[in-house]
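Notes to accompany the following structure.
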Amino acid sequence: MEIVALAGGVGASKLLLGISRVMDPGELTIVVNTGDDIVMHGLHISPDLDIVTYTLAGEVNPETGWGFREDTFHTLEQLGRYGRADWFHLGDRDLATHIHRTALLAEGKTLTAAAESIRRALDVRARILPMCEQPVPTMMETAEGRMHFQEYLVQRRAQPEVRGIIFEGIEKAVPAPGVLEAIRAARGIILCPSNPLISIGPILAVPGVRAALRARRDAVAAVCPIVGGKSLKGPSDRMLAQLGYDVSAAGVARIYQDCCGIFVMDLADAGQRDEIESLGMKTKICATVMNTADEKEALAREVLQCFAPRAAGAGA
């Protein structure tokens with residue numbers, strides 16, 4: 001069963017780990033947000049690509065959900081002594097990834113080729129693709145001015161009030177090789193439980209991607225990252241509220257309404273089922289909070305069941 005997942009960040013990686021354990025990971029293609037990418041110390045850093053890859057490799061730091069487990073930070077500490085920025089926490093093993101990626105790009109290789117090299121080196125079987133090859137940094141318009149998403153999230157700890165989001169250069173971006181082909185051929189497409197505005201949003205903004213999903217709408221399932229009116233991790237709830245969105249499962253469903261036909265939400269939000277189904281979506285209600293390996297696999301099975309052949313008369 002060929003499955004495509006659109007992903008960004010820690011929440012997505014949890015579900016992807018569960019999916020990779022309950023199906024053949026060789027049949028899974030993951031399209032990852034690169035709007036978070038940033039150049040630091042002359043190195044091309046792709047945070048979401050790395051989070052997904054490290055997680056599926058079993059190498060991620062379980063305490064943070066990013067970086068390598070048991071990494072050290074000697075290089076970062078020394079950079080700080082030289083007066084260099086040290087607010088973006090880059091571990092020593094993690095830096096090796098960024099050095100390798102940057103060297104490949106300097107040699108004329110593409111970001112797709114770099115992602116392939118890294119995932120093969122870490123023995124990850126799922127295919128991992130960047131959303132596009134072109135740089136499209138996510139810029140946050142805040143009450144304190146425009147800043148890169150990483151500056152907003154990491155350096156400023158998501159404190160500035162958000163007034164707008166811009167994906168710089170997105171109109172000139174092109175889906176990375178294999179992205180549209182995978183969407184068209186997949187049995188099912190999953191929008192992972194990531195921030196719909198700054199993790200999934202950039203992927204959908206790449207010209208051609210949202211249209212490809214609209215054409216497959218009945219085969220697209222979104223997993224809601226909002227449970228009981230709150231985000232499980234990160235500033236999704238605060239960001240949605242500041243930009244005028246309804247901070248609820250139904251609010252997220254409306255963002256995806258045009259390109260998603262199945263909406264997976266937590267038991268805590270079962271009361272919103274009728275409202276979401278009025279948008280022309282089917283719903284699946286199940287436990288979506290993933291704190292343990294068993295919970296990750298259980299949710300993965302629930303999501304994959306959305307694409308399984310059903311007996312006549314069976315419902316979601």
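Grab the helices (runs of 4 or more DSSP H) fully contained in region 41-158, keeping just those with 2 or more residues being of a type in the set (K, R). Please lay out each step first, then the result.
Values: elements: 47-56, 74-81, 92-106, 111-121.
Result: 92-106, 111-121.
Given the criterion of a type in the set (A, V, I, L, M), touching a residue at least 24 places away in the same chain (Cβ under 8 Å) and crowded, with 18+ Cβ neighbours inside 10 Å, identify the matching residue among L79, L122, L129, L105.
The match here is L129.
Among the residues that make up region 3-23, is at least one of them assigned to a helix (DSSP H, G or I), buried (at least 18 other Cβ atoms within 10 Å of the Cβ), β-branched (V, I, T) and in contact (Cβ under 8 Å) with a residue 12 or more places away in the chain?
Step one: of region 3-23, the residues assigned to a helix (DSSP H, G or I) are 9-22.
Next, only the ones that are buried (at least 18 other Cβ atoms within 10 Å of the Cβ) stay: 9-20.
Going one step further and asking which of them are β-branched (V, I, T), we end up with 10, 19.
Going one step further and asking which of them are in contact (Cβ under 8 Å) with a residue 12 or more places away in the chain, we end up with 10, 19.
The answer is yes; a qualifying residue exists.
Every residue in region 258-274 that is closer than 19 Å to G229 by Cβ and surrounded by 16 or more Cβ atoms within 10 Å (Cβ to Cβ), please.
F263, V264, M265, D266, A268, D269, Q272, R273
It is to be established whether one or more residues within region 149-164 are hydrophobic (A, V, I, L, M, F, W, C) and free of Cβ contacts under 8 Å to residues at least 40 places away in the same chain. Break it down into steps so the answer makes sense when it comes.
Here is the first cut: in region 149-164, the ones hydrophobic (A, V, I, L, M, F, W, C) are 149, 153-154, 158, 162.
After this cut, where a residue has to be free of Cβ contacts under 8 Å to residues at least 40 places away in the same chain as well, the list is none.
No, there is no match, as no residue in region 149-164 is hydrophobic (A, V, I, L, M, F, W, C) and free of Cβ contacts under 8 Å to residues at least 40 places away in the same chain.
Filter region 198-224 for residues that are in contact with a strand residue (DSSP E or B) (Cβ under 6 Å, 6 or more places away or on another chain) and either over 18 Å from I30 (Cα atoms) or modelled with pLDDT under 95 (or both) and give the result.
Scanning region 198-224 gives no hits.
Among the candidates R210, R217, R238, which residue alone is closer than 12 Å to L6 by Cβ and surrounded by fewer than 19 Cβ atoms within 10 Å (Cβ to Cβ)?
Unique residue meeting the criteria: R210.
When you look at G178, is it farther than 27 Å from W87 by Cβ, in contact with a Leu (Cβ under 6 Å, 6 or more places away or on another chain) and of a type outside the set (S, T, Y), yes or no?
yes
The values are calculated or read from the model by the stated rules, or taken from the named source; none is laboratory data. Please read all numbers here as calculations on a predicted model, not as lab measurements. Using ideal geometry, Cβ is built from the backbone for each residue, glycine included, and neighbour counts are taken over all protein chains shown.
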